[in-house]
Amino acid sequence: MALKKINTVLTAAFILFILWFGAEFILSPETTAPGFGLPSRPSGDGGGFLVVKGIRDVVLALVLGVLLVTGHRRALGWVLLVEALAAYGDMTTVLAHHGSVATAFGVHGLTATLMVVNGLLVLRETRKVASAPAIPAPQPA
């Protein structure tokens, strides 16, 4: 299977995963929050931050989707690398607030690392290959 096809499938999977996860935080934050890895769900007005997280995830997925659909593959690779920082940030947040280490590394850290790998693969696919200098063919005498 061609590298471009593999990258497209991986990117589409990330888009669907991030979109689904973000939508879950928007539609039912109270049932989705425990899976994030923090030891407790925000109380009172703090639950609104879960919706903010969901909106962030939906926007991240839409940005990737627009780049994929419009064929801006090089930009897609760079954005995958940058958006991986959000998942690494989520991992750090869970660890800093004494949340589940397994979820921090197994969900957020793994997701971020796979996004980095996918981004690097897309960049590799789109790199410019240096062409050999043209050498004129010898002319018959």
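The values are calculated or read from the model by the stated rules, or taken from the named source; none is laboratory data. Keep in mind the model is a prediction, meaning the values are calculated, not measured. Using ideal geometry, Cβ is built from the backbone for each residue, glycine included, and neighbour counts are taken over all protein chains shown. Remember, those area values only see protein heavy atoms, side chains included, never the ligands or the DNA or RNA. Shrake-Rupley method; radii C 1.70, N 1.55, O 1.52, S 1.80 Å.
Name the helices (complete DSSP H segments) of the chain with a Cα length along the long axis of 30 Å or more and a Kyte-Doolittle mean of at least -1.0, or state none.
Sorted by number, the helices that extend far enough and score high enough are 3-27, 48-70, 73-96.
Which value in nm describes the separation of the simple spin-label points at LYS4 and VAL66, placed 7 Å from the Cα toward the beta carbon?
About 2.3 nm separates the two model spin labels.
Only one of the values [x] -0.41, -0.48, -0.62, -1.07; [y] -0.31, -0.38, -0.53, -1.17; [z] -0.38, -0.46, -0.64, -1.30 was calculated from this structure for log10 I(q)/I(0) by the Debye sum over Cα atoms at q = 0.10, 0.11, 0.13, 0.19 Å⁻¹; name its label.
Correct label, based on the coordinates given: [x].
Can you tell me the relative contact order of the chain? Whole percent, Cα pairs under 8 Å, sequence separation 6 or more.
This gives 28 percent for the chain.
Helix-only mean residue ellipticity at 222 nm, the chain, DSSP H runs n ≥ 4 weighted -39,500 (n - 2.57), per residue, nearest 500. What is it?
Estimated from H runs of four or more residues: -22500 deg cm²/dmol.
Would you calculate the separation in nanometres between label points at SER40 and THR92, each defined as 7 Å from the Cα along the Cα-to-beta-carbon direction?
So the label points at SER40 and THR92 sit 2.5 nm apart.
Provide the FRET efficiency to the nearest 0.05 for the GLU30-VAL82 pair, computing r from the beta carbons and using R0 = 35 Å.
0.70
First select every other residue whose beta carbon is under 12 angstrom from the beta carbon of PRO42; then total the charges, Lys and Arg +1, Asp and Glu -1.
0
Once you've got the GNM for the chain with C-alpha springs shorter than 10 Å, pick whichever of VAL117, VAL101, VAL69 has the biggest mean-square fluctuation.
Ranking VAL117, VAL101, VAL69 by mean-square fluctuation puts VAL69 first.
Give, as a single signed number, the net charge of other residues whose beta carbon lies under 15 Å from the beta carbon of THR111, with Lys and Arg counted +1 and Asp and Glu -1.
My count for the surroundings of THR111 gives -2.
Please work out the FRET efficiency for the pair ILE55 and ARG127, using the Cβ-Cβ distance as r and a Förster radius of 41 Å; give the result to the nearest 0.05.
Step by step, r from the Cβ atoms, then E = 0.75.
Please compute the per residue accessible area over region 25-141 with all protein chains in place, 1.4 Å probe, rounded to a whole number of Å².
For region 25-141, the per-residue accessible area is 61 Å².
I'd like to know which of ILE6, PHE17, LEU64 lies farthest towards the positive end of the charge dipole of the chain, counting +1 on Cβ of Lys and Arg and -1 on Cβ of Asp and Glu.
Positive-end residue among those listed: ILE6.
Report the longest stretch of the chain that contains none of the trypsin sites (Lys or Arg not before Pro) sitting in a DSSP loop with at most 15 other Cβ atoms within 10 Å.
In short, 1-126.
Going out from 0 in 10 Å bins, what whole percent of all Cα-Cα distances in region 7-80 drops into each bin?
It works out to 20, 43, 24, 12, 1, in whole percents.
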